[in-house]
Amino acid sequence: MLIGSRERLSTLSDILELSIDNGPIEQVSSVKSLGVYINENLTWHFHLINCVKSSLRTATGAIKRVKPFVPQSTLLCTYNSLVQPHFDYCSLVWGNCGKTLPNKVQKLQNCAARVITSSAYDADVDSLFHKLSWKDLQFQLQIQKAVRVRK
């Protein structure tokens with residue numbers, strides 16, 4: 001995988017062909033490393049939209065299915081074990097890549113809050129977060145940045 005801007009990569013892809021022992025090396029547009037997909041332009045769109053979003057929807061769906069049978073404390077524990085780690089893992093990197101990607105992930109956290117509290121789709125998320133003692137994604141990112149700077 002070559003890393004660079006779209007313009008630079010478009011000029012290099014036709015010229016550069018690498019091989020080992022006269023066998024061509026397949027050029028890929030993205031690679032998975034330590035559970036994170038990195039593409040040739042160093043954008044996190046594929047990782048967040050395809051991997052994190054699908055994992056979060058699956059976990060939120062699981063919470064929704066067990067909600068009638070368990071107390072809310074168990075739902076919160078399930079959220080903390082299945083959903084929250086997806087927000088935390090590598091968020092220092094992808095959280096600084098524009099506003100649209102973190103906003104899409106924030107919507108998934110909002111959805112999980114509505115599922116746990118059995119709220120309507122148009123319920124105010126700030127009050128739900130206060131009720132659950134949660135912080136929104138942007139605040140969590142600021143805390144993680146401060147901890148990283150401190151270390």
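The values are calculated or read from the model by the stated rules, or taken from the named source; none is laboratory data. Owing to the predicted nature of the structure, the values given are computational and were not obtained by experimental measurement. We place every Cβ from the backbone using ideal geometry, glycine too, and count neighbours over all the protein chains shown.
A few points about this structure:
- Listed by first and then second residue, the pairs with beta-carbon distance under 8 Å, at least 6 apart or on different chains, first residue in segment 20-35 and touching a residue at least 40 places away in the same chain (Cβ under 8 Å), second in a loop (DSSP other than H, G, I, E, B) and surrounded by 10 or more Cβ atoms within 10 Å (Cβ to Cβ), are GLY35/TYR89.
Here's the yes/no breakdown for (1) under 28 Å from GLU7 (Cβ atoms); (2) touching a Ser or Thr at 6+ places or on another chain (Cβ under 8 Å); (3) not hydroxyl-bearing (Ser, Thr, Tyr):
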position: ASN41; (1), (2), (3): yes, yes, yes
position: LYS67; (1), (2), (3): no, yes, yes
position: LEU75; (1), (2), (3): no, no, yes
position: SER81; (1), (2), (3): no, no, no
position: ASP124; (1), (2), (3): no, no, yes
position: SER133; (1), (2), (3): no, no, no
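- Every condition in (1) surrounded by 14 or more Cβ atoms within 10 Å (Cβ to Cβ); (2) over 16 Å from the mean Cα position of the chain (by Cα) holds for PHE69 except the one numbered (1).
- If you go through segment 106-141 and keep only what is among the hydroxyl-bearing types (Ser, Thr, Tyr), in a helix (DSSP H, G or I) and within 18 Å of PRO68 (Cα to Cα), you end up with just THR117.
- Considering the conditions (1) part of a helix (DSSP H, G or I); (2) modelled with pLDDT under 80; (3) under 22 Å from SER33 (Cβ atoms), ASN103 is excluded by exactly one of them, (3).
- Unmet requirement for SER73, which otherwise passes all of (1) under 18 Å from SER119 (Cα atoms); (2) touching a residue at least 12 places away in the same chain (Cβ under 8 Å): (2)
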